[in-house]
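Beneath this line is the structure, given in structure tokens, with notes to follow.
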Amino acid sequence: MDARLNFHGNPVGAAFLKHIVPAARPIKESGLPAPTLELVALRASQINGCGFCIDMHTKDATAAGESPARLHLVAAWREATAFTDAERAALELAEEGTRISDAAGGVPDDVWANAAKHYDEIQLAALVSVIALINALNRLNVITQQPAGDYQPGQFG
């Protein structure tokens, strides 16, 4: 599969990426556990069908020490016992935030309240930010049909 557009080699695309990719820095520095960030990014990417991001976040999570068993269970996290209550709350928020158009009124109050039981306001801001950022990047990659499989852990810093 070939990409429809070389976003990195396009002046507008490259300029856009130059501004959006660094948005992940404060998210990573928020104190939200790195495994939670990867699980959330992976789940949103699964929902959106973004092969490039699924490849990237699976490989980055594995390189950071995440177990393959947990990564294989992300798509079925509701039925899996491998995740903490806090991770489950983050995954639920990620699903609801990714499927926002499916629910009239957006993310339900009970989903937010559950996440707020496990995360402080800084971490909640990081969760909302990573959900928004990964959804934007998923859309970029899906629209331009970026191929999956060649990503190397840490490739983008």
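The values are calculated or read from the model by the stated rules, or taken from the named source; none is laboratory data. Model, not experiment: these values are computed from the prediction. Ideal geometry is used to build each Cβ from the backbone, glycine not excepted, and the neighbour counts take in all protein chains shown.
Regarding region 53-63, can at least one residue be identified that is more than 14 Å from the chain's Cα centre (by Cα) and either crowded, with 19+ Cβ neighbours inside 10 Å or not β-branched (V, I, T) (or both)?
Checked region 53-63: at least one residue is more than 14 Å from the chain's Cα centre (by Cα) and either crowded, with 19+ Cβ neighbours inside 10 Å or not β-branched (V, I, T) (or both).
Just checking, which of A69, A61, A14 is free of Cβ contacts under 8 Å to residues at least 12 places away in the same chain, part of a helix (DSSP H, G or I), among the small types (G, A, S) and closer than 22 Å to G149 by Cα?
Numbers: A69 fails: free of Cβ contacts under 8 Å to residues at least 12 places away in the same chain; A61 fails: free of Cβ contacts under 8 Å to residues at least 12 places away in the same chain.
One residue alone meets the criteria, A14.
Residue pairs, Cβ under 6 Å, 6 or more apart or interchain, first in region 89-113 and within 21 Å of E38 (Cα to Cα) and in contact (Cβ under 8 Å) with a residue 24 or more places away in the chain, second of a type outside the set (S, T, Y) and part of a loop (DSSP other than H, G, I, E, B). List them.
G97/V107
Select, from R25, R4, R43, the only residue that is surrounded by fewer than 14 Cβ atoms within 10 Å (Cβ to Cβ) and under 15 Å from the mean Cα position of the chain (by Cα). Break it down stepwise before answering.
Details: R4 fails: under 15 Å from the mean Cα position of the chain (by Cα); R43 fails: surrounded by fewer than 14 Cβ atoms within 10 Å (Cβ to Cβ).
Matching residue, one of R25, R4, R43: R25.
Hey, among A136, A132, which residue is within 18 Å of S30 (Cα to Cα), outside any loop (DSSP other than H, G, I, E, B) and modelled with pLDDT of 95 or more?
The conditions single out A132.
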